[in-house]
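The values are calculated or read from the model by the stated rules, or taken from the named source; none is laboratory data. The structure displayed is predicted, hence computed values, not measured ones. Cβ coordinates were reconstructed from backbone atoms using ideal geometry, including for glycine residues, and neighbour counts include every protein chain displayed.
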2 protein chains.
Amino acid sequence: MGKLYVIGIGPGGLDHITVKALKAIEESNIIVGYTKYVAMIKPLIEGKEIFKTGMRGEEERCREALRLSKDNTVALISTGDSGIYGMAGLILELKKDENIEIIPGITASSAAGSVVGAPLMHDNCNISLSDLMTPYEDIKKRVKLAAEGDFVISLYNPRSKGRPHYLKECIEIIKEYRDLNTPIAVVRNALRDEESYNLFKLGEFDENVVDMLSIVIIGNSKSYIKDGKFVTPRGYSI
Amino acid sequence: MGKLYVIGIGPGGLDHITVKALKAIEESNIIVGYTKYVAMIKPLIEGKEIFKTGMRGEEERCREALRLSKDNTVALISTGDSGIYGMAGLILELKKDENIEIIPGITASSAAGSVVGAPLMHDNCNISLSDLMTPYEDIKKRVKLAAEGDFVISLYNPRSKGRPHYLKECIEIIKEYRDLNTPIAVVRNALRDEESYNLFKLGEFDENVVDMLSIVIIGNSKSYIKDGKFVTPRGYSI
């Protein structure tokens, strides 16, 4: 009987993969993934059979990975954590009696946070602004409640051509609950090639620096910038 | 000049550390951390100088790590992600001109999620029930708003002797917004020695299986159990 590893490779730089993920990739004879993610781990998969699909090929990729895993050891690759907006959910939804192991990785908000300091040190949430599978009204409601609850907010998929105004509208919602001096970070390509970031105050946020490869992190009521680093205090009296 | 690495070692099992964290530990001549966490990486630190403190020694540990890093390469160890309820925030709050690099790790909710399936596949939040540094009223408010927003909720530090009733009260708050069939997972020692877990329906939750080493994950309105696995659908039409 074969095996299917559902692997989160972390942010994309080869150094931020876990030992467990490396071992599972090495053990696999077939690699399945979105073309761009497979390219990120190219040095690890030479000589292996590769099944790639483009964007929005998620279901095809998962069905193929499940099929192939009956007689092979297969690694299905997601960036970040396979269990957070990754492929682990769809695999479990589609699975029948295949042998599956889910291997977590560092999710994008953790990676982005480490680049700009320690913004996620207190209660925090991840919200995707993609409306492909979630009504925009639900997304806005979550942003509002997260802002009201003083969560540090990480926005995944913050901007795309089909919905350029969502990010701006969500930031406007957050402004109703947070001081205009609250720090916001925009981190592009965190912990992989071409990493870059911007830090803003909420009142001066410029959404034009944000693309689909970015994570946007909005601080809570106690977050601040110190020496160019974004810090959310845990609450120690120092 | 020395260097301070602020490292998240992930859940504790040596396989779930990143390559980058391993390299930084290897490069360091001094290891600083809570006694229990230092023990988890014992095979990696033989022959190195070690500075350990007990629970609630966080500030002492951080000050010592900063002091030692002036003339040494120091690894300050947190479990999970150093940037989520870890030591990265306190280090940045206390730092002066030390040379610091923050290395993220797999946070406890990601680790726990992978053990029981794919509960975190949609918008999700992390809330600590520890009231050492956060008023309980603020914690309850966050739980309420997260429940109202249909976030998947991961509870860190869910239970301790000093506040045995908090978890039960927070679950009661969540019941006001979620169906009683909503899955809840309690995962103890995720991805390390003595791992175990329980799955419940919200209406049948038993908080007695929860200890401080547990993470409690409450599904959203669409989460379900399939073949013993906790799945939150991302929303694909399959």
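The rows are residues; the columns are (1) within 8 Å of chain A (Cβ to nearest Cβ); (2) closer than 30 Å to B:G2 by Cβ; (3) in contact with a Ser or Thr (Cβ under 7 Å, 6 or more places away or on another chain); (4) without any contact (Cβ under 8 Å) to a residue 40 or more places away in the chain.
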position	(1), (2), (3), (4)
B:I77	no, yes, no, no
B:G89	yes, yes, yes, yes
B:I103	yes, yes, yes, no
B:V116	no, no, no, no
B:A146	yes, no, no, yes
B:K168	no, no, no, yes
B:Y177	no, no, no, yes
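Which ones in the range A:29-73 are touching a Lys or Arg at 6+ places or on another chain (Cβ under 8 Å) and loosely packed, with under 13 Cβ neighbours inside 10 Å? A:T35 - this is the single residue of the range A:29-73 that is touching a Lys or Arg at 6+ places or on another chain (Cβ under 8 Å) and loosely packed, with under 13 Cβ neighbours inside 10 Å. Residues that are facing chain A (nearest Cβ under 8 Å), in contact with a helix residue (DSSP H, G or I) (Cβ under 9 Å, 6 or more places away or on another chain) and surrounded by fewer than 18 Cβ atoms within 10 Å (Cβ to Cβ) occur in the range B:94-101; there is at least one. Kindly indicate whether any position in the range A:121-132 is within 24 Å of A:D193 (Cα to Cα) and at the interface with chain B (Cβ under 9 Å from one of its Cβ atoms). Yes, the range A:121-132 contains at least one residue that is within 24 Å of A:D193 (Cα to Cα) and at the interface with chain B (Cβ under 9 Å from one of its Cβ atoms).
Taken across the range B:140-150, residues that are surrounded by fewer than 17 Cβ atoms within 10 Å (Cβ to Cβ), outside the structural domain of B:L76 (by the TED database) and of a type in the set (A, V, I, L, M, F, W, C) do not occur at all.
Only residues that are assigned to a helix (DSSP H, G or I), more than 14 Å from every other protein chain (Cβ to nearest Cβ) and basic (K, R): list them for the range A:1-36, please. Break it down into steps so the answer makes sense when it comes.
Residues of the range A:1-36 assigned to a helix (DSSP H, G or I): A:14-16, A:19-27, A:35-36.
After this cut, where a residue has to be more than 14 Å from every other protein chain (Cβ to nearest Cβ) as well, the list is A:35-36.
Scanning the range A:1-36 gives a single hit, A:K36.
Considering only residues in the range A:209-231 that are under 20 Å from the mean Cα position of the chain (by Cα) and farther than 12 Å from A:I184 by Cβ, the one that is farthest from the other protein chains (Cβ to nearest Cβ) turns out to be A:D211.
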